[in-house]
Amino acid sequence: MQFKIDQDERGLCPRCKNAQIIKYTDGSFTIDCSEFGLIKKPVESCTAYNDPKTPSEWDMRQIAWIINSDKKGNFIGFIKPKKDE
């Protein structure tokens, strides 16, 4: 069973990475959430909301600098990450 939601009442779902949206020719659409299944009503807040503009932890680790400090306190600086990190 699929539920149709009025286009004017979208809520958070169209802006979430977890949502799959099917738009029909009559202007209506169906939202299928990978976390909760079919969505019947517009969503105001959601614990599984995944903003597509926010990078994932993996993405942030790929661009992060590694700060190296000598235990004797002689050298502090940036190093290049190893290939396996």
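Read-outs throughout are calculated quantities, based only on the coordinates presented, and are distinct from any laboratory measurement. Worth saying up front: this structure is predicted, and the values here are computed from it rather than measured. Here the Cβ is made from the backbone with ideal geometry for all residues, glycine too, and neighbour counts use every protein chain on show.
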Extend 7 Å from the Cα of residue 50 along its Cα-to-C-beta direction; within segment 22-38, residues with backbone N under 20 Å of that point are 22-23, 30-38
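By average Cβ neighbour count within 10 Å, what is the ranking of 50-60, 11-21 from highest down?
Going by the mean number of other Cβ atoms within 10 Å, highest first, we get 11-21, 50-60.
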